[in-house]
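Notes follow once the structure below has been shown.
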Amino acid sequence: MFEILKTVNKQIVVQNKFSKGSWINVITPTADDEEKLLSIINLPKYFLEELHDKDEQPRVEADEDIIGLIVRVPLKKIDGEEIKYSTRPMGIVFTKTGIITISHSQNDVIEEAKKRNINTTNSIQTALNILLVTAELYSSYLGQISKMSYQVQRALRQNVDNIELARLSRMKQSLVYFATSLKGNIFMMDKFIKRKGLEKKEEYQDIIRDITVENVQSLEMTRIDTDIVHSIMNTSNAILSNNLNQRLKTLTSLTIILMIPTLIASIYGMNVTLPFADNPKIFFWIVFISVFFCLSGYVIFRRKDLF
């Protein structure tokens, strides 16, 4: 998707041509979209190539009159009944004539930013609003992950199964992505503010403070949720280990009890002269003695909580 946006009468509208104060938004660009973008603005091609790497880390890049930011945005993907969270890089480029956002993954950041009261003629204000939306989405998604972890925790209290443990593993993976991305975004934001001297400009103070607070809170939420998920996984593993030990204990006790009739039958199966071997009722006595000792063993093991 390639679109040119601009604030007209305090509303963001789509335009056909790029003009000063416009915002070019490119989502999952094709080769033609990238060529079109390069024809409009003298953008370094390597910057576009770097965004193809889904593991690209947040940073600030400068090339003559162009400043580029790479920020990692949260990504929410619904796969059937399962919701998966991850992060992907998004580029924000400042030029003399406007601002450009480039993302190779469909995300909610841009759509949420369009709903804000953004003045595209102020590229820095536009970029800060996008960064604020990014920070707020992290917080929102973390809240959803927290609810999912509590649901899994309640389910595991009733029955520890592989499906819930797999959900926990995916949540832990998502939290690792979030923590790494938030740390990078905080570092990138600090570097960008210092480079543009925004800390000295009063009109940006409120939004910068909001972004910083949201990022720090989200990072702290990520740490707390990671600890909770880790604790749930440890508890579940302990329960599984305890259940396995209990089953092994039961099977071992059962094996010992079943050895008793096997031993008696083996003795009377030897081809030697044995006591009472000529007694016609010896078979019934062997069965009776075997059952008696098996029941006695069961009672003893039961009292010792081995069954």
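For the stretch 77-128, the list of GluC sites (Glu not before Pro) that fall in a loop by DSSP and count at most 11 other C-beta atoms within 10 angstrom reads Glu81.
With a cut-off of at most 12 other beta carbons within 10 Å, and DSSP calling the residue loop, which trypsin sites (Lys or Arg not before Pro) in the stretch 72-104 qualify? Please list them. Each step should come with its number before you reach the end.
Working: sites: Arg72, Lys76, Lys77, Lys84, Lys96; in loops: Lys96.
Within the stretch 72-104, the qualifying trypsin sites (Lys or Arg not before Pro) (loop, at most 12 other Cβ atoms within 10 Å) are Lys96.
A straight Cα-to-Cα reach below 12 Å connects Lys249 with the aspartates and glutamates Asp305, residues fewer than 8 places away in its own chain not being considered. Taking the Cα centre of the chain as reference, the dipole from Cβ charges on Lys and Arg (+1) and Asp and Glu (-1) amounts to some 960 debye. Counting only residues at least eight positions apart within a chain, or on another chain, the aspartates and glutamates with an alpha carbon under 14 Å from that of Lys172 are Glu164, Asp225, Asp227.
Percent relative contact order of the stretch 1-107, based on C-alpha pairs within less than 8 angstrom and at least six residues apart?
Once normalised by length, the contact order is 28 percent.
Sorted fewest first by neighbouring Cβ atoms within 10 angstrom, Leu37, Leu258 come out as Leu258, Leu37. In terms of its Cα atoms, the chain spans 114, 40, 31 Å along the principal axes, sorted from long to short. In a reduced charge model with +1 at each Lys and Arg Cβ and -1 at each Asp and Glu Cβ, the stretch 1-49 shows a dipole moment near 400 debye about its Cα centre. Packing here is the average count of other Cβ atoms within 10 Å per residue, and on that basis the peptides 85-91, 244-250, 290-296, 278-284, highest first, run 85-91, 290-296, 244-250, 278-284.
Under the classification rounded if a/c is under 1.5, otherwise prolate if a/b is larger than b/c and oblate if not, where does the stretch 165-269 fall, given a ≥ b ≥ c as square roots of the Cα gyration tensor eigenvalues? The shape class here is prolate.
Taking the C-alpha atoms only, the angle from helix 282-303 to the longest principal axis of the chain is near 40 degrees. Between Lys194 and Ile78, residue separation times 0.36 nm minus the direct Cα-Cα distance comes to 38.0 nm.
Placing unit charges on each Cβ (+1 for Lys and Arg, -1 for Asp and Glu) gives the chain a dipole about its Cα centre, and among Thr222, Ile267, Ser86 the Cα reaching farthest toward its positive end belongs to Ile267.
If you place +1 on the Cβ of every Lys and Arg and -1 on the Cβ of every Asp and Glu, how big does the dipole about the Cα centre of the stretch 202-274 come out, in debye to the nearest 20? Intermediate values should be presented prior to the final figure.
Details: 4 positive and 8 negative charges, 263 e Å.
Charge dipole, the stretch 202-274, about its Cα centre: 1260 debye, nearest 20.
With a threshold of 27 Å on the Cα-Cα distance, the over-threshold entries among Lys77/Lys183; Lys36/Lys84; Lys45/Lys115; Lys20/Lys84 are Lys36/Lys84; Lys45/Lys115; Lys20/Lys84.
In the chain, taking the dipole from charged Cβ atoms about the Cα centre, the farthest positive-side position among Leu5, Ile207, Val152 is held by Val152.
Computed from the coordinates by the stated procedures, all read-outs in this text should not be read as laboratory data. Everything numeric in this text was worked out from a predicted model, so none of it was measured. Positions of Cβ are backbone-derived with ideal geometry, glycine not excepted, and every protein chain shown enters the neighbour counts.
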